[in-house]
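Input: a single structure, listed below in structure tokens.
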Amino acid sequence: MDDLYAINLAKTEFRDSFNFSDASRLVAVADPDFVNFSDGQPSEFGKSGLDAFKIRLESLFENFTVKLVVIVVEIRLQGDVAYDYGWHELTLTPKNGGRPIFRRDRYVDIWRRKDKEGDWKLWMYMDNQDVADPFRTERSLELGARAQGSS
């Protein structure tokens with residue numbers, strides 16, 4: 001299987017694990033040496049980190065209906081290691097009622113091919129909440145758009 005296709009397929013499984021509330025699906029695409037640097041969470045490594053990540057996901061899925069949209073900017077292949085980065089847009093709808101919560105995170109995934117059959121596993125995961133540029137206010141964006149001839 002083509003490496004780029006295999007990583008996209010694994011990333012699809014990652015997305016579907018959220019959209020179908022199935023933490024086991026995510027664990028299935030993770031490397032046993034998983035490194036997790038999720039925003040607002042303790043750093044986690046290996047099996048114990050993967051177990052803790054799974055428990056947090058199960059709690060998330062118990063309390064929210066989750067919709068994950070993945071925006072991949074690029075996947076870079078370098079031998080048996082690949083990097084992908086982009087944004088994860090999460091919509092969390094409380095199961096007990098209430099307004100949905102929207103969160104946009106920027107992420108970097110590092111994938112590792114464990115065998116020559118092409119099985120790529122999520123080795124390292126890092127994300128943090130995306131933020132607006134503090135040096136570009138809405139007014140300056142509006143003025144910039146006008147200067148370029150768009151309104």
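Here's a check for you: in the stretch 52-69, which residue that is charged (D, E, K, R) and not in a strand (DSSP E or B) is farthest from residue 117 (Cα to Cα)?
Only one residue tops the list, namely 62.
Which one is nearest to residue 73 (Cα to Cα) among residues in the stretch 1-44 that are under 12 Å from the mean Cα position of the chain (by Cα) and among the hydroxyl-bearing types (Ser, Thr, Tyr)?
My answer is 12.
So which residues in the stretch 33-51 are assigned to a strand (DSSP E or B) and either crowded, with 17+ Cβ neighbours inside 10 Å or in contact (Cβ under 8 Å) with a residue 24 or more places away in the chain (or both)?
33, 34, 35, 36, 37, 44
Take residue 105 and decide whether it is among the charged types (D, E, K, R), within 28 Å of residue 133 (Cβ to Cβ), surrounded by 14 or more Cβ atoms within 10 Å (Cβ to Cβ) and out of contact with any Gly (no Cβ under 9 Å at 6 or more places or on another chain).
Yes; evaluated as a whole, the condition is true for this residue.
Which numbered condition trips up residue 129, out of (1) out of contact with any Lys or Arg (no Cβ under 8 Å at 6 or more places or on another chain); (2) at pLDDT below 95?
(1)
If I ask for residues that are of a type in the set (Val, Ile, Thr) and within 16 Å of residue 109 (Cβ to Cβ), which ones from the stretch 1-57 would you list?
Once the filter is applied, which keeps residues that are of a type in the set (Val, Ile, Thr) and within 16 Å of residue 109 (Cβ to Cβ), the stretch 1-57 yields 7, 12, 27, 29, 35.
When the residues of the stretch 66-79 are narrowed to those that are surrounded by 14 or more Cβ atoms within 10 Å (Cβ to Cβ) and free of Cβ contacts under 8 Å to residues at least 60 places away in the same chain, which ends up nearest to residue 10 (Cα to Cα)?
Restricting to residues being surrounded by 14 or more Cβ atoms within 10 Å (Cβ to Cβ) and free of Cβ contacts under 8 Å to residues at least 60 places away in the same chain, the top hit is 70.
Mind checking which residues of the stretch 70-85 are closer than 18 Å to residue 112 by Cα and part of a strand (DSSP E or B)?
72, 74, 75, 76, 77, 78, 81, 82, 83, 84, 85
State whether one or more residues within the stretch 12-30 are closer than 24 Å to residue 115 by Cα and in a strand (DSSP E or B).
Scanning the stretch 12-30 turns up at least one residue that is closer than 24 Å to residue 115 by Cα and in a strand (DSSP E or B).
The values are calculated or read from the model by the stated rules, or taken from the named source; none is laboratory data. Nothing here was measured: the structure is a model prediction, and the numbers come from that model. In this analysis, Cβ positions are derived from the backbone assuming ideal geometry, glycine residues included, and neighbour counts consider all displayed protein chains.
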